[in-house]
1. Name the residue, out of Gly297, Gly338, that is in contact with a helix residue (DSSP H, G or I) (Cβ under 9 Å, 6 or more places away or on another chain), of a type outside the set (A, V, I, L, M, F, W, C) and at pLDDT 95 or above.
2. Every residue in the stretch 170-183 that is over 26 Å from Phe274 (Cα atoms) and either in a helix (DSSP H, G or I) or not small (Gly, Ala, Ser) (or both), please.
3. Strands (runs of 3 or more DSSP E) wholly in the stretch 285-371 with at least 1 residues that are basic (Lys, Arg) - which ones?
4. Every residue in the stretch 93-112 that is in a loop (DSSP other than H, G, I, E, B), farther than 12 Å from Tyr140 by Cα and touching a residue at least 24 places away in the same chain (Cβ under 8 Å), please.
5. List the residue pairs whose Cβ atoms are under 9 Å apart, where the first residue sits in the stretch 335-353 and is on the phi < 0 side of the Ramachandran plot and without any contact (Cβ under 8 Å) to a residue 60 or more places away in the chain, the second is assigned to a strand (DSSP E or B) and of a type in the set (Asp, Glu), and the two are 6 or more positions apart or on different chains.
6. Out of everything in the stretch 372-384 that is basic (Lys, Arg) and either in contact with a Phe, Trp or Tyr (Cβ under 9 Å, 6 or more places away or on another chain) or in a loop (DSSP other than H, G, I, E, B) (or both), what residue ends up being modelled with the lowest pLDDT?
7. Take the conditions crowded, with 20+ Cβ neighbours inside 10 Å, under 30 Å from Val296 (Cα atoms) and of a type in the set (S, T, N, Q) and apply them to Thr144. Does it pass?
8. Output the residue which, of all residues in the stretch 159-173 that are more than 13 Å from Leu203 (Cβ to Cβ) and among the small types (Gly, Ala, Ser), is farthest from the chain's Cα centre (by Cα).
Amino acid sequence: MKKACVLGFMAVWLPALVFAQTDSQLTAKQDIISQVRQQAAPDKRVAIFQVEADSTGRLTGKTNLPDAKQTLLNQLTQKGLSFRDEIQVLPASVLGEESYAIVNISVANLRSNPREAAELATQALLGMPLRVWDKDRGWYLVQTPDQYIAWVDFGGLQRMKKADFDRWESAEKIIYTHPFGFCYSEPNTKSQTVSDLVAGDRLILEKEEKKYFRARFPDGRIAYVSKTEAQRYADWAKTAKPTEESLVNTAKHMMGIPYLWGGTSYKGMDCSGFTKTVYFLNGQTLPRDASQQVHVGELIATPDKNFANLKPGDLLFFGEPATADKGERVVHVGMWIGNNEFIHASGKIRISSMNPTAPNFDEHELKRFLRAKRMIKDNELGLR
């Protein structure tokens with residue numbers, strides 16, 4: 001990741017009367033801000049550009065895009081519009097040098113706002129690196145490796161300085177490959193548990209023993225993980241590949257897991273969290289949401305909702321097609337498994353059919369099917 005930008009306010013102090021704004025000047029500023037936002041940060045899920053102009057000439061707000069901020073200032077200057085720059089470039093100064101972090105629990109819940117009652121936006125697994133942008137009380141605004149931005153409470157992460165973060169990233173690790181389990185204070189299952197674990201969790205490898213890995217958490221805790229439930233990360237990475245067979249096998253091992261809005265782990269998944277997790281556990285990273293996943297991969301022809309061209313692992317997208325009055329809405333995603341069936345998170349992880357004569361025929365999803373995309377690539381371990 002790039003080094004943190006130096007935080008601070010760059011104030012342009014001009015005579016007070018410069019800041020007496022006419023309505024037309026304020027509107028012009030707001031239009032330029034909107035244009036820059038649309039160009040640099042059209043998706044607020046993956047970029048921060050919360051900038052406003054007021055009637056006194058002040059530009060306020062926050063962004064993690066210093067180039068976008070500079071573009072804004074340049075355009076305002078070129079248009080002869082006066083301003084006082086009070087835009088904060090993240091990471092926030094309150095973070096000090098610890099603007100990086102590693103997820104420190106089996107599954108961290110990331111929320112849309114800094115409070116427990118806020119919507120669950122996504123989840124992050126133990127060992128996942130995070131960029132920390134801001135703080136609000138005991139909550140931290142973080143960005144995951146797939147660029148998703150959300151808030152996590154202090155218990156879910158271990159903040160670090162860049163040097164410590166780099167050491168964590170470069171250290172040899174293990175990856176937990178069993179769906180659920182525990183790690184222990186001693187190399188036996190009768191000892192005290194240190195934490196629960198889910199598939200995809202990663203820890204630093206301290207030592208390999210006969211039946212256990214001695215592993216270290218981001219906060220320094222030591223735990224023993226059964227070798228029957230984990231692998232050296234490097235060994236796993238050599239074989240992790242999203243093939244038709246491996247994707248279907250992984251998906252079917254999740255059958256019955258409850259639907260959870262915002263979930264991306266074995267503790268619960270939403271529709272795109274399910275497809276993302278299936279691919280993640282096979283070495284390929286997909287965008288977080290269905291409305292993002294639909295924009296990657298190769299389009300597969302499905303004329304008149306004929307699915308003959310699909311292969312296992314292809315993703316099916318559902319929703320509302322575009323009309324003259326509104327754009328397309330992608331609201332659901334599932335994965336093709338062959339035999340005219342797809343697997344998806346709807347109530348729970350389950351298999352549905354596109355065949356009207358099948359007992360698991362899903363007429364609702366067939367009616368709102370939009371298109372299919374092929375995601376399988378060469379081995380892509382963009383897990384960071």
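The values are calculated or read from the model by the stated rules, or taken from the named source; none is laboratory data. Given the structure is predicted, the values throughout are model-derived calculations rather than measurements. Here the Cβ is made from the backbone with ideal geometry for all residues, glycine too, and neighbour counts use every protein chain on show.
1. Unique residue meeting the criteria: Gly338.
2. Ser170, Glu172
3. Numbers: elements: 298-300, 315-320, 329-338, 341-346, 348-353.
Result: 329-338, 348-353.
4. Within the stretch 93-112, Glu97, Asn104, Ile105, Ser106 qualify.
5. Ser352/Glu341; Ser353/Glu341
6. Filtering the stretch 372-384 for residues that are basic (Lys, Arg) and either in contact with a Phe, Trp or Tyr (Cβ under 9 Å, 6 or more places away or on another chain) or in a loop (DSSP other than H, G, I, E, B) (or both), the one modelled with the lowest pLDDT comes out as Arg384.
7. yes
8. Checking each candidate, the answer is Ala163.
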